[in-house]
Each structure stands twice: as C-alpha cells, then as structure tokens.
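Reviewing the structure listed below.
The values are calculated or read from the model by the stated rules, or taken from the named source; none is laboratory data. Computed from a predicted structure; not experimentally measured. Positions of Cβ are backbone-derived with ideal geometry, glycine not excepted, and every protein chain shown enters the neighbour counts.
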C-alpha cells in the first residue's frame, strides 16, 4: 500500500459558508454551476483548510459524528474523489 494522499481545497475556488451549508465556485470555470455542500459534505469541506491525509480526515469525521473510522472512510474517500473530479480540491502523496 502506498503513502496516503493529502487533500486540500484548491486555491482557485471561492466559497462561502452559512449555517451548515457551503457554496463553492470554481473560478477557472465560471460557466459551471456552484457546488452546494450540506451536512457531512460541509463538515468535510471545513476540514480541508490545510492539507490533511485521508486517514486523519476520516478519523476527524468519525470523531465528530461519534462513529467508527471504518464506517466513514469509504464515504469520505468517495466524496474527496468527487470533489477532485469537479476540480475543487487537489491531492498530493505524502
């Protein structure tokens, strides 16, 4: 198994948060609709301020929701992969 990926928000996105909702706009592609993140998606976004490894991010989410890391890891990785596909985050191997 390789080194874990470190995820962070891209510098060329604009976003705003209100209550439990985050709106993210890709400034490189203004023709695309903004991403609306709510609930646990908004929580994950908030945890991407600084580069964070996938296992640590999954552990933080699990701790916030009072569940095991195993219960959230797949969903967290799938969400990060979706954000990456949409150009809103980037990752690097540690």
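Modelled with pLDDT of 95 or more and either over 14 Å from residue 10 (Cβ atoms) or in contact with a strand residue (DSSP E or B) (Cβ under 8 Å, 6 or more places away or on another chain) (or both), is that true of residue 31? Against the criterion (modelled with pLDDT of 95 or more and either over 14 Å from residue 10 (Cβ atoms) or in contact with a strand residue (DSSP E or B) (Cβ under 8 Å, 6 or more places away or on another chain) (or both)), residue 31 qualifies. When the residues of region 37-55 are filtered to those that are out of contact with any helix residue (DSSP H, G or I) (no Cβ under 9 Å at 6 or more places or on another chain) and not in a loop (DSSP other than H, G, I, E, B), the one that is surrounded by the fewest Cβ atoms within 10 Å (Cβ to Cβ) is 38. Filtering region 62-70 for residues that are without any contact (Cβ under 8 Å) to a residue 40 or more places away in the chain, buried (at least 17 other Cβ atoms within 10 Å of the Cβ), out of contact with any strand residue (DSSP E or B) (no Cβ under 9 Å at 6 or more places or on another chain) and in a helix (DSSP H, G or I) leaves a non-empty set. For region 1-36, a residue qualifies if it is in contact (Cβ under 8 Å) with a residue 40 or more places away in the chain and either closer than 17 Å to residue 51 by Cα or touching a helix residue (DSSP H, G or I) at 6+ places or on another chain (Cβ under 6 Å) (or both), and the qualifying residues are 3, 4, 5, 6, 7, 8, 9, 10, 13. For residue 2, the conditions (1) over 20 Å from residue 75 (Cβ atoms); (2) at pLDDT 95 or above; (3) exposed (fewer than 15 other Cβ atoms within 10 Å of the Cβ); (4) touching a strand residue (DSSP E or B) at 6+ places or on another chain (Cβ under 8 Å) are fulfilled apart from (2). Only residues that are at pLDDT 95 or above and either over 17 Å from residue 90 (Cβ atoms) or not in a strand (DSSP E or B) (or both) were counted in region 18-28, giving 5.
Out of curiosity, is residue 58 in a helix (DSSP H, G or I) and in contact with a strand residue (DSSP E or B) (Cβ under 7 Å, 6 or more places away or on another chain)? Spelling it out, it is not the case that residue 58 is in a helix (DSSP H, G or I) and in contact with a strand residue (DSSP E or B) (Cβ under 7 Å, 6 or more places away or on another chain).
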